[in-house]
1. Of VAL91, TYR249, MET223, whose Cα points farthest to the positive end of the dipole of the chain (charges on the beta-carbon: +1 Lys, Arg; -1 Asp, Glu; origin at the Cα centre)?
2. P(r) tail for segment 14-126, what percent of Cα pairs lie past 20 Å?
3. Helix 121-134 versus the longest principal axis of the chain: what angle, 0 to 90°, nearest 10, using Cα atoms?
4. Do you know the relative contact order of segment 159-255, to the nearest whole percent, from alpha carbon pairs under 8 angstrom that are 6+ apart?
5. Quote the charge dipole size of the chain about the Cα centre in Debye, to the nearest 20; the model charges only the Cβ of Lys and Arg (+1) and of Asp and Glu (-1).
6. Report the semi-axes of the equivalent ellipsoid for segment 107-255 in whole Å, largest first, where each axis is √(5λ) for an eigenvalue λ of the Cα gyration tensor.
7. Starting from the Cα gyration tensor of the chain, multiply each eigenvalue by 5, take the square root, and state the resulting semi-axes largest first in whole Å.
8. Among the aspartates and glutamates, which have Cα under 12 Å from the Cα of LYS47 when same-chain residues fewer than 8 positions away are ignored?
Amino acid sequence: MQNMPETSLTLENLSLWYGAKQALNGISMQVPKHRITALIGPSGCGKSTLLRCFNRMNDLIEGCRTEGDILLNQQSILHEQVDMSALRRRVGMVFQRPNPFPKTIYENVAYGLRLKGVRDRRVLDEAVESALRAAALWGEVKENLWQNALTLSSGQQQRLVIARAIAIEPEVLLLDEPTSALDPIATLVIEELMCTLRQHFTLILVTHNMQQAARVSDYTAFMHQGSIVEFDETDRLFTTPRQRRTEDYITGRYG
């Protein structure tokens, strides 16, 4: 890859097991900073498992163990001394289905800031407005900040969840199929939002939608059976893949 930008995350021979079943096989890669990296591949290839390694969500699964290392800005995040709460503030996550808390729009966005001990109302007000603006939602909700978040549409809820995630200013934002439950118009809004957010955050996107990966990502990793088959700039991977398995997948021969 030519002139790859500064690296945000580095994976060094990362392997993962659920009990006796190996889910990831010796993955090494560098995730570029302030870019969108897409993880694509057939169901069960390890995309979401790899994504959850970046904020150690897999640690919550009994019998899960890892080998190798992941460095976030040159610091290991797999060391046993790592503060999980601090890590998950640095690495935010947005899931498949919108999951706002049953609170007001304002309190959803302020939630992480309050956990960090922010009490000053002026600081909270500014942070909430800033996050909602960054999530392209402020104009739609600014008159209804004390409305229950569950009354919003699915697309608005997903943008609210993104606002909640970025309000605490993480370094990395993980997106696990963030538009799979949304209609095409809401999907387009989220895709445009992702392209804006990469100016401030490193984004890693899991998607089953290859057209989406081609539209929004700067880099793409094609995964198969727990390994990375090919990782390259998105345009190059989709137009001139180096590996036959990559070409077979993106042309629909399997998957």
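Values in this text are rule-based calculations from the coordinates and carry no lab data. Nothing here was measured: the structure is a model prediction, and the numbers come from that model. Positions of Cβ are backbone-derived with ideal geometry, glycine not excepted, and every protein chain shown enters the neighbour counts.
1. VAL91
2. Value for segment 14-126 (Cα pairs over 20 Å): 53 percent.
3. Once rounded, one gets 50 degrees.
4. Numbers: 84 pairs, mean separation 18.3, N = 97.
It rounds to 19 percent for segment 159-255.
5. Roughly 320 debye for the chain.
6. On the way: eigenvalues 244, 51, 28 Å².
Equivalent-ellipsoid dimensions as semi-axes: 35, 16, 12 Å.
7. Details: eigenvalues 191, 93, 53 Å².
Working through the eigenvalues yields semi-axes of 31, 22, 16 Å.
8. Within the straight-line limit of under 12 Å, LYS47 reaches these aspartates and glutamates: ASP176, GLU177.
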